[in-house]
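The structure appears below as structure tokens.
The values are calculated or read from the model by the stated rules, or taken from the named source; none is laboratory data. Given the structure is predicted, the values throughout are model-derived calculations rather than measurements. Backbone-built Cβ (ideal geometry, glycine too); neighbour counts: all protein chains shown.
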Amino acid sequence: MNFSTIRRRWAWPAAGLVAIIFTLGALGVVSPGFGKTDTPLWTDRPVAVTTPTVPAPAWVELARAVKPAVVNVSATRVQESPRLQAPFPFMPEDPSDRFQRKARSLGSGFIINPSGYIVTNHHVVEGASQVKVKLADGRELPAKVVGRDSRTDLALLKVEATNLPVVALGDSAALQVGEAVMAVGNPFGLAQTVTTGIVSATGRVIGAGPYDDFIQTDASINPGNSGGPLVNARGQVVGINAAIFSQSGGSVGIGFAIPVNLAKSVVTQLASTGRVERGWLGVSIQEMTPILAKGLGHEAGKGALVAQVTESSPAAKAGIRQGDVIVELDGHAVTRTEDLPRLVADLPAGRQVPIKVLREGKTLTLSATIAKLEDRDHDEVAAKADGKPALGITVAPITPEVAQAMSLPAGTKGVVVRDVRSGSPAAEAGLQAGDVIVQADRRPITSVEDLREAVDKRAKDKPFMLLVRRDGSDRYVAVTG
């Protein structure tokens, strides 16, 4: 299957409806409000269902119970376009002949806490200057992005409201292929749409990131369904709809959802700190193919083949070598290559763990102390200093790979804006993802450290002047607040 056609910008539900009648038991009540140290962020108890005098089909009752907790998410992004087409192709474009326009994208989300915490996809709100949430009762509220995690495509929003309906989080590890599921969302802007299907497969790897572990479903999912819940027959969320495989842009019965068990730890960290911390081992791995397994004398063919070991990393200090096959980490079997990154990511920094490796036909047990995964490609300029508010941007250095991908001229200096937090001073000033910051308060910027230093030294009572390069043209952006 060619997954280059996978669409991750919006998501979806499936080709055929499955009319299956289930008996719903008496389901529990919602959890207390978030914010108390002794209460969880979400509930794992199914939503309450009121049985009418004449029993309705199970999916009718389930939709009635779940839909109030599903929301529509609207994200506004500022984009620039030329005012007029140059009359002749050889005439250069005048930077002043450009105008800003607002582009809006639609997605879905679901409420996990009565005090207004909402789960959606990272790509739904990425680069947004404004996010709004429309509740099932018709209210439209501004939403704050509490935190986002691009590696798992998850985001946590917060609206100022209380006593909101919630949907319970289930156990995605218990999902069985063939199990009936329901998707609820906002496909093509059609709010509160419900579709049903089955779990087509689990553990799918689609090339979306290092922690791919998608649930595949044929419940019809389309653009606008991104961030919406995939619900089991007990009224519990088992997945977050995130992507589709399609050559037309519409549902062809192949959709993917993020397992809710993965989302639980991510959402908890986002609620607490606004970011996600992960463990780091320091190895590059590759798939163990039958031919490689035969060449290495590894008849079982399971595990993660170490292609490279980072110098001075936990793996290097533990004695892991290139060509080793990692078959077990901290007591957990590494059956597939994809298992290892997820297992390592879940480990806290500083923890010492046993690692079983196969080397030249022998099984060795080594010990590694897990380190904290540092995002070497991104650095968020968001920390407050001396009472000055954060800019709210994430930047990256201009590496040769970045310069090539962005078609930047050779020798371009500065840092690339990778993300702009919704509602931040940078967003209000019109800074956009893809901008290259070349100056800050008239000082040249050549690294992330230069920008951080300039942010720390900026005057509180004056606009922070940034010179940015956008589409080959330079312009000043004044950040206030």
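Observations, loosely collected:
- Residues of the stretch 426-473 that turn out to be modelled with pLDDT under 85 and part of a strand (DSSP E or B), as a count: 1
- Verdict on Arg458 being under 15 Å from Leu391 (Cβ atoms) and among the basic types (Lys, Arg): yes
- Restricting attention to the stretch 133-158, the residues being acidic (Asp, Glu) and either within 13 Å of Leu270 (Cα to Cα) or crowded, with 22+ Cβ neighbours inside 10 Å (or both) number 2.
- Residue pairs whose Cβ atoms lie under 7 Å apart, sitting 6 or more positions apart in sequence or on different chains, and linking a residue in the stretch 193-216 that is within 20 Å of Val334 (Cα to Cα) to a partner that is basic (Lys, Arg) and at pLDDT 85 or above, are Gly209/Arg151; Pro210/Arg151; Tyr211/Arg151; Tyr211/Arg342; Asp213/Arg342; Phe214/Arg204.
- Restricting Ala183, Ala161 to those that are outside any strand (DSSP E or B) and either surrounded by fewer than 24 Cβ atoms within 10 Å (Cβ to Cβ) or in contact with a strand residue (DSSP E or B) (Cβ under 9 Å, 6 or more places away or on another chain) (or both) reduces the list to Ala161.
- Residue check for Ser220: crowded, with 24+ Cβ neighbours inside 10 Å, modelled with pLDDT of 90 or more, under 20 Å from Gln176 (Cα atoms) and among the hydroxyl-bearing types (Ser, Thr, Tyr): yes
- With respect to (1) surrounded by 15 or more Cβ atoms within 10 Å (Cβ to Cβ); (2) of a type in the set (D, E, K, R); (3) under 25 Å from the mean Cα position of the chain (by Cα), the lone exception for Glu374 is condition (1).
- Picking from residues in the stretch 418-439 that are among the aliphatic types (A, V, I, L, M) and farther than 30 Å from Lys158 by Cβ, the one that is surrounded by the fewest Cβ atoms within 10 Å (Cβ to Cβ) is Val438.
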